[in-house]
1. With Q466, Q474, Q487, Q499 as the choices, which residue is buried (at least 21 other Cβ atoms within 10 Å of the Cβ), farther than 27 Å from W405 by Cβ and of a type outside the set (V, I, T)?
2. Open to solvent by less than 30 Å² (accessible area, probe 1.4 Å) and among the acidic types (D, E): is that true of E443 in this structure?
3. Within the range 97-109, track down each residue that is of a type outside the set (G, A, S) and either open to solvent by less than 10 Å² (accessible area, probe 1.4 Å) or near the ligand (Cβ under 9 Å from one of its atoms) (or both).
4. Given the options I280, I247, name the one that is at pLDDT 95 or above and either away from the ligand (no atom under 16 Å from the Cβ) or touching a Phe, Trp or Tyr at 6+ places or on another chain (Cβ under 7 Å) (or both).
5. What are the residues in the range 445-476 that are more than 14 Å from A39 (Cβ to Cβ) and more than 16 Å from the ligand (Cβ to nearest atom), if any?
6. Give the residue that is most open to solvent (accessible area, probe 1.4 Å), with candidates limited to residues of the range 361-414 that are under 30 Å from H444 (Cα atoms) and in contact with a Pro (Cβ under 9 Å, 6 or more places away or on another chain).
7. Of the conditions (1) away from the ligand (no atom under 12 Å from the Cβ); (2) out of contact with any helix residue (DSSP H, G or I) (no Cβ under 7 Å at 6 or more places or on another chain); (3) closer than 17 Å to G442 by Cβ, P292 clears all except one; give me its number.
8. Take the residues in the range 250-277 that are touching a helix residue (DSSP H, G or I) at 6+ places or on another chain (Cβ under 6 Å) and in a strand (DSSP E or B); name whichever of them is farthest from the ligand (Cβ to nearest atom).
Amino acid sequence: LDLNNSSKFFKGTDRNKDSRAKFGFKLPKDVAVIGAGMAGLAAARKLTADRSNFNVQVYEARRERFGGRVWTDKLTNIKAKGPEVDLGGSAFIVANKNNPLVELAEDFELKSVNIGQLQFLIPWEKRVISGKELTTISMETSKIFEQALNESKTSKIEMSVREAIDLVLKSGKIATSDSPSGHLIRCASSYILEDYSTKHYHQSDLLGVDYDRVLVDGMGELTDRLLSGNFGESPLHLNLNKVARQIKIDKERGKVVVRFTDGSQIVSDTAVVAVPLSVISSGDLQFEPALPKSYQEAAKQTAIASENKVIVEFEHAFWPKEFGIFMRAVQKKEERGYLQTWVNINHIVDVPALSGLLVGTSAEDFEKLSDEEAEKAVLHVLSEMFGDALLSKGGKIVRLQRSAWVSDHWSKGAATYARVGSSPAMWDVFSEPLCPGVYFAGEHTSFINHGTLHGAYISGLRAANQIQENLCEQKRLQEQEEEEKQQKAAKSHAEGQEQTQSKDKTVGLKNEL
Ligand SMILES: Cc1cc2nc3c(=O)[nH]c(=O)nc-3n(C[C@H](O)[C@H](O)[C@H](O)COP(=O)(O)OP(=O)(O)OC[C@H]3O[C@@H](n4cnc5c(N)ncnc54)[C@H](O)[C@@H]3O)c2cc1C
């Protein structure tokens, strides 16, 4: 895929036409896309643009919205202007220089901005660090990380990021646990998630502030536009409230039957399964015949991180407006991942709101709190960070909104990650179709860029591309060719043996004579 030109993804290519002609299938083919998240929408958009060849329908389980783990919740906040209502994936990770979503947003003429500078707080020391001092500390943090990764490579046992970092900090070679860089590195989600593997570490996970750029009107604008299409493109056919419960591959007819929980079913030439991995691993979506062992193993073994957001709006902004992110160090183990990172919404739009992030078990625990308890917890943390005097200037909390991605039936977690013991093959197995007609898309279907918005998007384009190239038919022909070759080889081998045997017999007879 050429990631440098996102708009052309949506157009059929001559190469595709050639391969379609070569493998000669009936047109237009029906494609059922299951799941209207970033991945499903990307696949549907690309195939819908190829209208003469594909007839696309999208089926989404949720009744009231699409977008999946992108959720710009304008429904519950009618005053919403932008990212103050992003309760799911909200930022383009620009550590990946080729992030295609940045260009796609430009194509759609959506405005994006950098989140802005970080201010790092060590509350019990009353230290507030930013600017040059923070740059020096961040450089030290990178060194600790590099050392941790290098040392873990020499160890015979696969280590977690947390273990590797703790070892470096314990040695005190670069910095100690109590130093600012020691505190800063422990704010990284790869440290917070205790079993994050050093082996398959993503550079962008270092501090968990890898979401560098946000859309001013919220990430939901992008999924909205994927649905409605760019200027002149037709909208996707979206069917809400359609919960797929079974995907049946009818090999004989070369069809895919999708059965829904409401008792209905559709028969399609091809399906793109773009639901979260957790929906497959939980058995909520079943396959007939059952998924091959490698897929089942991958679905069972791949780790899914817990993450949540809480958005809190005050009467007035009491925190410094010039920073884009606030991050606080914590002392106790139980506080890890607990509202350590706050995005300053007021830096992006004129709304006195902050968006707090919860990672790991803290994210799970936060879902169990009542609204009252959640509000108390938020105020407690903010008072620790900014002090009571400043906090009182904020006035009342006028809105507190939070996600619950772990208990959410259609997500069951935030995103996949590489835990100790995992291998890239666990993701990549899902990038292969189940022939003759089931293709997979989603953040969990390719190791590269897994767990991200752009990973989901690219996976959707990949699935669409595979369908346009008629990968299953190519595979079938390859297998057929291979089989024919083997049969030929076996035949000539058998003939060779027969000749040798008859030669041997003649020689034997001569010898006897
Ligand atoms: C709190 C949070 C913050 C994040 N922050 C970032 C970030 O800043 N940057 C970044 O790059 N990534 C971020 N991510 C990750 C990113 O949001 C996801 O990787 C991405 O949205 C996944 O897209 P997807 O299409 O693979 O899956 P989804 O978006 O989950 O789409 C799957 C769709 O399938 C539907 N579905 C489920 N079951 C069924 C069924 N049985 N039948 C029909 N439909 C079904 C779901 O409702 C959903 O709409 C974040 C995630 C979370 C939760």
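1. Of the residues listed, the single one that is buried (at least 21 other Cβ atoms within 10 Å of the Cβ), farther than 27 Å from W405 by Cβ and of a type outside the set (V, I, T) is Q466.
2. Working: open to solvent by less than 30 Å² (accessible area, probe 1.4 Å): yes; among the acidic types (D, E): yes.
Taking the combined requirement at face value, the residue satisfies it.
3. Once the filter is applied, which keeps residues that are of a type outside the set (G, A, S) and either open to solvent by less than 10 Å² (accessible area, probe 1.4 Å) or near the ligand (Cβ under 9 Å from one of its atoms) (or both), the range 97-109 yields N99, P100, L101, L104, F108.
4. Of I280, I247, the one residue that is at pLDDT 95 or above and either away from the ligand (no atom under 16 Å from the Cβ) or touching a Phe, Trp or Tyr at 6+ places or on another chain (Cβ under 7 Å) (or both) is I247.
5. Of everything in the range 445-476, those that are more than 14 Å from A39 (Cβ to Cβ) and more than 16 Å from the ligand (Cβ to nearest atom) turn out to be Q468, E469, N470, L471, C472, E473, Q474, K475, R476.
6. Restricting attention to the range 361-414, the residues satisfying the condition of being under 30 Å from H444 (Cα atoms) are 361-369, 401-414.
Still in the list and also in contact with a Pro (Cβ under 9 Å, 6 or more places away or on another chain): 410-413.
Working: W410: 79, S411: 3, K412: 57, G413: 2 Å².
Result: W410.
7. Evaluating P292 over (1) away from the ligand (no atom under 12 Å from the Cβ); (2) out of contact with any helix residue (DSSP H, G or I) (no Cβ under 7 Å at 6 or more places or on another chain); (3) closer than 17 Å to G442 by Cβ leaves (3) as the failure.
8. T270
The values are calculated or read from the model by the stated rules, or taken from the named source; none is laboratory data. Just so it is clear, the model here is predicted, and its values are computed rather than measured. Backbone-built Cβ (ideal geometry, glycine too); neighbour counts: all protein chains shown. Surface accessibility is based on the protein's heavy atoms, side chains included, excluding ligands, DNA and RNA. Shrake-Rupley method; radii C 1.70, N 1.55, O 1.52, S 1.80 Å.
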